[in-house]
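None of the figures in this text is laboratory data; all of them are computed from the coordinates on show. Predicted, not measured: the structure shown is a model, and the values here were computed from it. We place every Cβ from the backbone using ideal geometry, glycine too, and count neighbours over all the protein chains shown.
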Amino acid sequence: MKIIAAMSGGVDSAVAAARAVEAGHEVIGVHLALSSNPQKYRSGARGCCTIEDSHDARRAADVIGIPFYIWDMADEFHEGVVENFMSEYKAGRTPNPCLRCNEKIKFAAVLDRAKAMGFDGVVTGHYARTRETDAGRTLHRAVDPLKDQSYVLAVLNREQINGAIFPLGDTEKVDIRIEAEARGLAVAQKPDSHDICFVPSGDNAGWLRDRMGSEVGPIVDQDGNKLGEHKGAYTYTIGQRKGLGLTVPTADGSPRFVLKIEPVSNTVVVGAREDLAVTSMRGERPIFCGPEVGAAPLRGFVQVRAHGAALDCTYYMDNEQLVAELDQPLLGLATGQAMVIYDGDRVVGSATICETA
Amino acid sequence: MSVYLDHAATTPMFDVAIEAMNSSLRKLGNPSSLHTEGRSTRKDVEDAREKVAKAVGCLASEVIFTGSGTEADNAAIKGLFWHTDKKVILVSSIEHHAVLDPAHWLAEHEGAELIQIPVNTDGVIDLEFLKKIIAERGSEIALISVMHSNNETGVIQPIAEIVKAAGDIPVHCDAVQSFTKVPISFKELGLFAMTISGHKVGGPLGIGALILRRAVEIPALLHGGGQERDIRSGTLNAPSIVALAAAVEANLYDAQKVAALRDSFEAGVMAARPDAVINGKNSERLPGISNITFPGTQSDSLLLLMDSEKVSCSTGAACTAGVHRPSHVLMAMGLSDVVSQSSLRFSFGTTNTKADVDFALSVLPTVIERGLAANAVGKK
């Protein structure tokens, strides 16, 4: 096949491209420029958009022996990912921009452009596996549980999965680094990225404050009693305990947690740990990577964070929303996060959490 | 087969230049040394300087070898600015970044006032604008810099008329693209300064020259051993200088042949894509450059597709990270941001053949179709 290798400048995408070449594909390396004002040098772990990363990607492509180009996706990234990130926080929800990037950029803008240009698909360095089944291609967890990225890929629909190749899902990260070393790739020991690429400092709250201002508002208990003030409701997350700056102690001295963020009144509601408990969730805009789910309840697992636990649940569709009822309560679940349903290691689908109870 | 249509970026080295360079590389001697080896290398350099001077139409002492055309442009713009108390720098809006960026830098850091001369839709500078500025502010102008021909469109600029209008104001001309392609004489044009580069004329990379009128002593960018009239210190790069001279002396550029190839390519493109637009077509152009807009496409997609089909061409400008940017040259000619990003530059050289043109034309229709499709999904 003729495929585009999305090369970030990191070790994973470099090895993925090399493996795709070895598998007999005709591969062309593409680095996505996601910022119109790229930083010249990375500080610490890499961000997606530094000039140095694009040089690393180019060098990897040269060593692998494939053509290399840079695609400017800065506008698409800003509209589809960065603006969404801000508007979600503004609405009191907690988004996952990596998921959005996969959905809107890597497996949409890039895949669509690649197909229009006569390519068959896109290869990336994500840790996930696909299998060919009677029901079509399905998406599965990677063998390395610490690196598994099926969660952030669960936003892909069947067509997108069909256009994707994930060569790293069967290998542990430590072995990918060894393989990169053996292939002579200089990025073999390059640090992993941990933070959101466009927030290289890792300080999400500070980044949001810089762009959205910091309007002071009340922190209240569940009865509406004002306990303190905050600097912008959107910089808090559900379940947060630290950094509330409250001076009024609780009667029994137990800590308080953020229970709710009300963007319209710019209010943060806090309460006791047990009030964070959630036993069911509903998600909107469901996407199914494989066979669609109906109204009939099914048993499986739900995961609500990129590296969170897989929680036993019963799931079904109700009124165009995906519902998961948990066997055991979960503490602290923000709307805006993705709920991803698994059947064993197979990704069933995902939805954006809009309601919890 | 693979077809190289990017001679404006760099040219293949002529065999005579490679041979001259090889024999010079094997030779020992710093041209500034006083002993036998030094004198021998010095002779090679001075022979080369005379050959270059002959081709440029200047005195040998007016040739100052530099490490690149960019260095020569910087030396000229900064040197001529620092040479006087006058603060206005007048450059065309379509200059190469090697001229534009030092001019901007002087404006930001050294108190210069930068005035850009607009061009018309055919890519030729507005002489009336230039004359008006000279009439109004002539006594304040430190220098004027206009390229001999534009590197993206190949459009030739009216240098003789600019020099005439300038009177006593020093005029620098970046002749990197024009040198050896069209007749140029430094002396006849009456220039103060001019830039040439080795690798655009069948010579090696890493060698250029600032042609600077005799007795004009500008401040240096590089200080040191005092080589090159104290304007460009640094041990003379004898092998590259010798190779540049060999390439120039051989005079292998066949302008008629190159122009015929370019014309037949353009005719083929227009037959295949009647909506295509050849930028600068109504102007006098270099024989080898063809800049074509393919409406509804993005040039970075087209370049990738052409490259996949083994045809090498260029999108014009890219930023440091390699991201394609709209061309300031095409935008100065009145094209929109989007249209300038739908344009490719094909540049032909003496080694190209009719078969190259036919091959490029054979892959073009599919490339354009796919480029249109790729751009259409981008707008979804």
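Placing unit charges on each Cβ (+1 for Lys and Arg, -1 for Asp and Glu) gives chain B a dipole about its Cα centre, and among B:Ala271, B:Ser343, B:Thr10 the Cα reaching farthest toward its positive end belongs to B:Thr10.
Annotation: for a label point projected 7 angstrom from Cα along Cα→Cβ of A:Glu284, residues of region A:342-357 with backbone N closer than 15 Å are A:351-356. Note on region A:162-214 and region A:276-297: Cα centroid distance 28 Å, given to the nearest whole angstrom. Between A:Ile219, A:Ile51, A:Ile178, find the one with the highest GNM mean-square fluctuation for chain A; connect C-alpha pairs within less than 10 Å. The residue with the greatest mean-square fluctuation here is A:Ile178. What you get for region B:196-329, charging only the Cβ of Lys and Arg (+1) and of Asp and Glu (-1), is a dipole of about 200 debye around the Cα centre.
Neighbour counting of Cβ atoms within 10 Å sorts the residues B:Phe346, B:Phe81, fewest neighbours leading, into B:Phe81, B:Phe346. Which Cα, out of A:Asn204, A:Gly125, A:Leu168, lies furthest along the positive dipole direction of chain A (beta carbon charges, K/R +1, D/E -1)? Of the listed residues, the answer is A:Asn204. Build a GNM of chain B with springs between Cα atoms under 10 Å: which of B:Ile368, B:Ile77, B:Ile241 gets the top mean-square fluctuation? Fluctuation is largest for B:Ile368.
Within chain A, the percentage of alpha carbon pairs spaced more than 40 angstrom apart rounds to 17%. Binning the alpha carbon pair distances of the protein assembly as shown at 10 angstrom intervals from zero yields the distribution 3, 12, 18, 19, 17, 13, 9, 6, 2, 0, expressed in whole percent. The distance separating the Cα centre of region B:334-380 from that of region B:102-170 comes to 31 Å.
Counting beta carbons within 10 Å around each of B:Thr366, A:Thr314 and listing the fewest first gives the order B:Thr366, A:Thr314. Given the pairs A:Lys147/A:Lys226; B:Lys281/B:Lys310; B:Lys43/B:Lys164; A:Lys115/A:Lys147; B:Lys51/B:Lys86; B:Lys86/B:Lys200, which span a C-alpha to C-alpha distance of over 31 angstrom in this model? As for pairs spanning more than 31 Å Cα to Cα, those are A:Lys147/A:Lys226; B:Lys43/B:Lys164; B:Lys51/B:Lys86; B:Lys86/B:Lys200.
With R₀ set to 56 Å, the beta-carbon distance separating B:Lys281 from A:Arg137 gives a calculated FRET efficiency near 0.65. Taken as Cα centroids, region B:74-100 and region A:300-357 sit 64 Å apart, rounded to the nearest whole angstrom. Result for chain A in a Gaussian network model with C-alpha springs under 10 Å: among A:Leu153, A:Leu111, A:Leu330, the largest mean-square fluctuation is at A:Leu330.
What share of the DSSP beta bridges in the protein assembly as shown is antiparallel, in percent to the nearest 5? That works out to approximately 65 percent antiparallel.
Only one residue of A:Asn96, B:Asn120, B:Asn30 has its Cα farthest out toward the positive end of the dipole of the protein assembly as shown, where Lys and Arg carry +1 and Asp and Glu -1 on Cβ, and that residue is B:Asn30.
On the beta carbon distance between B:Trp105 and B:Asp230, with R0 = 22 Å, the FRET formula returns roughly 0.45.
So if R0 is 45 Å, what FRET efficiency would B:Ala160 and B:Arg39 give, r being the distance between their Cβ atoms, rounded to the nearest 0.05? The value I calculate is 0.65.
Based on DSSP H segments of at least four residues, each scored -39500 (n - 2.57), chain B has a per-residue ellipticity at 222 nm of -13000 deg cm²/dmol. The dipole here belongs to chain B: it is taken about the Cα centre, uses +1 on the Cβ of Lys and Arg and -1 on the Cβ of Asp and Glu, and is about 340 debye.
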